[in-house]
Each structure stands twice: as C-alpha cells, then as structure tokens.
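Structure first, then comments.
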Amino acid sequence: MKKNTPHDAKAHRIAQTATNKNVITDDKKVTTYYMRDPQGNVLAVYEHKRGESGNGTFTLTPVL
C-alpha cells in the first residue's frame, strides 16, 4: 500500500492518501481529510473512496 501524507504549516496532518493495488473492488484509492480548528484540534474526518472509474463516495466522521 502506497501512502501520501501532506501537512500544514504547523506540521498537522491535513490529508492522507492510500492506494491499494491489491483491492479487487473500485475502492482502490482512499483519501482521508482532517478538518481542524485554529489550535490544530481535529473537528471532523472526511474519507473519500474512489476507484478507477473516477466515481467516489465521501463519508463524514464527526469528532467529539
């Protein structure tokens, strides 16, 4: 599995993309986005799954 993890100016992770070439389904590429407040606390996590066709789904996970 290949991963790409960009960070913001304060070194907080803002997204992570993972590609799994061994998956048979369309969900080969998954990007997780981290929404943060000004202090860097995670408020919500979005997961975007997309396959070779370009279609995809977003899932929101609120953080309490």
Quote to one decimal, in nm, the extra length available between ALA9 and GLU47 on full extension: 0.36 nm per residue of separation minus the C-alpha distance between them. 11.5 nm
Ranking LYS10, LYS29 by Cβ neighbours within 10 Å, fewest first, what do you get? LYS10, LYS29
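Coordinate-derived values only; no laboratory data. For clarity, every value in this text was computed on a predicted model and none was experimentally measured. Glycine gets a Cβ as well: all are built from the backbone with ideal geometry, and neighbour counts include every protein chain shown.
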